Structures are given as C-alpha cells and as structure tokens.
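All of the numbers you see were taken from the coordinates with simple rules; none came from a lab. What you are looking at is a predicted structure, and each value in this text was computed from that prediction instead of being measured. A quick note on method: Cβ atoms are made from the backbone with ideal geometry, for glycine too, and the neighbour counts reach across all protein chains shown.
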C-alpha cells in the first residue's frame, strides 16, 4: 500500500467549489482498481485547508490515476482556486497490514 497525503490551501471564496470538484473527482477515483480509499478532509480551525488522503494498492496506481479524465478535469478546475501550490507526502502503512485494507 502507498498512502499519499495531498495538502491543499484554497482561496476562501472557493471553498465550496473546491469541495464540489474534489468530491466529483474522489467519487470517480474510488472506482479505479488501484485505489483502495480516497478521502477529502477539511481542517477544523482553517476551513480553507484540506488534505486528500489517497490510498493506493500498489506503486503503479498513482501514475494510472493521473492519466484519468476525472483527474485531469479536477486538476484544471481547481488550479485557479489554490492559495498556494499543493504539496504531498508519501507514507507506507504499518497497521493494518495489506490484508486489512479493502
């Protein structure tokens, strides 16, 4: 498993539009065979900050995800909404092991 946290800071006037676009992307992303989970979480004390929690089944799945039409639509739609460039961090799961994931 590969877990990616994508940190996003959007302009306050775009919070609702960002959520709408990202939920549309996530709804399609979870249908991809290489994606075990795709969450959108919002920071409580700063609602303009989000984290996308993307759980991939293998190391090739992120590249396959970035080739999908829904990812390209999302990327182009949210680009002008960003207050700063998004950043990401990669993680490996320790618990549960792979047998415990979807």
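Assorted remarks:
- Three-way shape call for segment 49-89 based on the alpha-carbon gyration tensor, with the a/c threshold at 1.5: oblate
- For the chain: Kirkwood Rh in Å [reciprocal of mean 1/r, alpha carbons]: 14.1
- Full extension of the chain segment joining residue 43 with residue 11 gains 10.1 nm, where the gain is 0.36 nm per residue of separation less the Cα-Cα distance.
- Neighbour-count ranking [beta-carbon atoms within 10 angstrom, fewest first] of 20, 32, 13: 13, 20, 32
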